[in-house]
Structure formats: structure tokens, C-alpha cells
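Peer 1: Structure provided below as C-alpha cells; questions to follow.
Read-outs throughout are calculated quantities, based only on the coordinates presented, and are distinct from any laboratory measurement. Since the structure is predicted, the reported quantities are computational estimates derived from the model, not experimental observations. All Cβ positions, glycine included, derive from the backbone under ideal geometry; neighbour counts span all protein chains shown.
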Amino acid sequence: MLIFHHIKDLRQFLLNKRSVHSQIGFVPTMGALHQGHLSLIEQSRMQTDLTVCSIFVNPAQFNDPKDFEKYPVTLDRDIQLLLSAGTDVLFLPDVQEMYPAESDYPSSYELGYTETVLEGAYRPGHFQGVCKVMHRLLKIVEADIVFMGQKDFQQCMVVQQLLSLTGIKTKLNIVPTLRETDGLAMSSRNMRLGDQDRQTAVSIYEALMQMKSQLQAGDVVQLKKAASDFLTAKGFKVDYAELANAHTLKLIDTWNGKDSIVALIAASLNDVRLIDNMMMTS
Ligand code: AMP
């Protein structure tokens with residue numbers, strides 16, 4: 001696995017690769033890797049000829065500076081995991097490399113409704129920060145396919161919007177959420193949970209499953225409230241337990257029995273904020 005710290009070197013390497021018509025796959029991450037990340041690498045290896053992974057803990061997407069400071073960093077372990085997963089290239093820039101004082105990139109992105117709801121409402125500026133880093137990364141790597149997790153459902157929508165706004169030709173491939181055996185969605189944040197909270201954390205998955213099994217056409221307000229109450233009773237601070245149209249992310253209070261909908265939850269246990277989602281319809 002080749003490791004690049006500088007944009008110029010990575011681009012030169014990829015230019016040579018592209019001249020032999022290789023399909024390039026890209027997996028952007030913030031490190032503290034787990035099997036969920038490795039499932040993206042696996043997909044990239046199956047669908048492309050050369051897999052580039054990036055690790056960059058992006059300060060621009062943390063609305064809470066304390067959250068940024070506490071974000072886990074496990075670089076040596078990450079490198080071993082990426083090696084064993086067969087990753088070809090690791091891009092490991094520092095903040096100065098990604099955000100030099102002078103830049104031609106836009107200072108904001110027109111995301112409209114998407115950044116006003118759910119994560120957008122609870123983490124002001126978060127999706128602008130995601131676009132800030134993803135615009136740069138997508139331009140640097142110029143991949144054929146970028147692989148991202150459904151775990152961050154709204155982020156996938158935002159990146160799809162970014163691709164349309166910028167005209168970047170990279171295709172977005174959304175990979176299903178990998179879960180622990182009890183159902184908890186794998187997340188870098190899980191390693192910050194104490195033993196007791198780790199056991200309680202599975203309730204988010206249980207709440208999603210309950211919503212799925214009880215969903216019926218008509219009023220869904222009670223269903224959302226039941227999920228939220230269930231989590232509150234378990235000791236969570238619930239930001240939201242919502243149902244939304246899976247294509248537009250418009251929140252719904254009634255379901256017509258036909259539209260494709262997704263349940264999304266964000267809730268914290270002792271300041272560890274977890275998010276998860278599940279398609280309610282096939
Ligand atoms: P992060 O390092 O948390 O920014 O995540 C990097 C990428 O891995 C994003 O596209 C995430 O959606 C994806 N990801 C995180 N957790 C999982 C998971 N449990 N299953 C699949 N993909 C995931």
C-alpha cells in the first residue's frame with residue numbers, strides 16, 4: 001500500500017494509473033476504522049481496479065469543537081487494517097494540505113432543504129463542512145466511483161447533491177450499513193461507549209426494528225413518538241426519531257402506504273452521539 005501525504009504526489013501517481021485505463025475507487029474516511037469501513041474497501045476492490053482510501057479528520061464538519069477533540073485517532077491500527085483489506089493507496093493529508101490559506105473553492109454550497117432537517121438542524125454547518133472536504137477530495141482523486149455508507153444516509157444525499165452542483169463525474173455507490181451481531185450499527189464513536197452504554201446502545205436498532213414491524217399506512221406520529229419514548233426510557237437524550245421520504249427526506253406524519261420511506265434516529269448516551277437509519281420499505 002502506497003501512502004501519500006501531498007496532493008501533488010497523489011495526483012501524479014493517479015495520472016499514471018489512469019493512462020492505463022484503470023477504474024479508480026475512492027473511500028473517504030475519518031479513520032478509527034472498523035469492519036464497516038472495510039466493507040466499503042471490499043466493494044471498491046470488487047468494482048474497480050485501484051482503491052484509494054483517505055483518512056482525514058475534517059475539522060470543518062465538527063460543529064462542536066469538543067466532539068472534534070474527542071474523535072478517536074488509531075492511525076497505526078488503521079494502516080494495518082487497510083493493508084490487510086488490500087487497499088492500494090492511502091491518502092493522509094494534514095489540515096494545511098487540505099485547507100491552505102488561498103483557495104479557489106466556494107465558501108458555501110447551495111444545499112437547500114437537505115441541510116435544514118435532521119443532522120442539518122442539529123449540527124449547524126456540518127454539511128457545509130462535509131461539502132468543503134468532499135469537493136476537494138473528489139477533485140483530487142477524480143475517482144470513477146466513490147463508496148460511502150448508508151449509515152450516514154443524509155450525508156449520502158448531500159454528496160449526491162454536491163456531485164450535481166459541481167458537475168464532478170464520479171458516481172456515488174451507497175454501501176449497506178454493517179452491524180455488530182446484536183444489531184448496533186458499527187461506528188468509530190462506539191469505542192467511546194462504556195460497557196453499560198455499549199449494551200444500551202443496541203436499543204437504537206431495536207427502535208428502528210419496532211418502527212419497521214409496526215408501520216402501517218395512515219398516521220405515523222404515534223410510531224415516531226413510541227420510538228423516541230422507548231429510547232428516552234433507556235436513558236438516551238433523543239435528538240430525533242423520524243420517518244422521512246427516502247428520496248426527498250421530507251419528514252412525514254402520515255404514510256400513503258406506497259412512498260419509499262426511511263426511519264432515522266439520532267440519540268446520545270452520556271455525550272456519545274449515535275445515528276442510525278433503516279429503510280422501512282423495500
Ligand atoms: P467516517 O469515518 O465515520 O466518516 O465514515 C467513513 C465512511 O464509512 C462513510 O461513508 C460512512 O458512511 C461509512 N460507514 C461508517 N460506518 C459504517 C457502517 N457501519 N457500515 C457501512 N459503512 C459505514
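Peer 1: For residue 29, work out the one condition from (1) of a type in the set (S, T, N, Q); (2) within 15 Å of the ligand (Cβ to nearest atom); (3) more than 20 Å from residue 130 (Cβ to Cβ) it doesn't fulfil.
Peer 2: Residue 29 satisfies every listed condition except (3).
Peer 1: For region 36-59, what are the residues that are more than 11 Å from the ligand (Cβ to nearest atom) and in contact with a Ser or Thr (Cβ under 9 Å, 6 or more places away or on another chain)?
Peer 2: Result: 44, 45, 48, 49, 50, 51, 52.
Peer 1: Out of all the residues in region 8-30, which are out of contact with any His (no Cβ under 9 Å at 6 or more places or on another chain), outside any helix (DSSP H, G or I) and touching a residue at least 12 places away in the same chain (Cβ under 8 Å)?
Peer 2: Step one: list which residues in region 8-30 are out of contact with any His (no Cβ under 9 Å at 6 or more places or on another chain), which gives 8-26, 28, 30.
Narrowing further to those that are outside any helix (DSSP H, G or I): 19-26, 28, 30.
Matches in region 8-30: 22, 23, 24, 25, 26, 28, 30.
Peer 1: Failed condition for residue 87, given (1) farther than 20 Å from residue 132 by Cβ; (2) of a type outside the set (Asp, Glu); (3) more than 16 Å from the ligand (Cβ to nearest atom); (4) touching a Cys at 6+ places or on another chain (Cβ under 6 Å), with all others met?
Peer 2: Evaluating residue 87 over (1) farther than 20 Å from residue 132 by Cβ; (2) of a type outside the set (Asp, Glu); (3) more than 16 Å from the ligand (Cβ to nearest atom); (4) touching a Cys at 6+ places or on another chain (Cβ under 6 Å) leaves (3) as the failure.
Peer 1: Output the residues belonging to region 133-180 that are among the basic types (Lys, Arg) and over 21 Å from residue 249 (Cβ atoms).
Peer 2: Residues of region 133-180 that are among the basic types (Lys, Arg), as a first pass: 136, 139, 151, 169, 171, 179.
Residues satisfying the conditions are 136, 139, 169, 179.
Peer 1: For region 31-68, which positions are outside any strand (DSSP E or B), of a type in the set (Val, Ile, Thr) and in contact (Cβ under 8 Å) with a residue 40 or more places away in the chain?
Peer 2: Of everything in region 31-68, those that are outside any strand (DSSP E or B), of a type in the set (Val, Ile, Thr) and in contact (Cβ under 8 Å) with a residue 40 or more places away in the chain turn out to be 41, 48.
Peer 1: Out of curiosity, is residue 170 in contact (Cβ under 8 Å) with a residue 12 or more places away in the chain and surrounded by 18 or more Cβ atoms within 10 Å (Cβ to Cβ)?
Peer 2: yes
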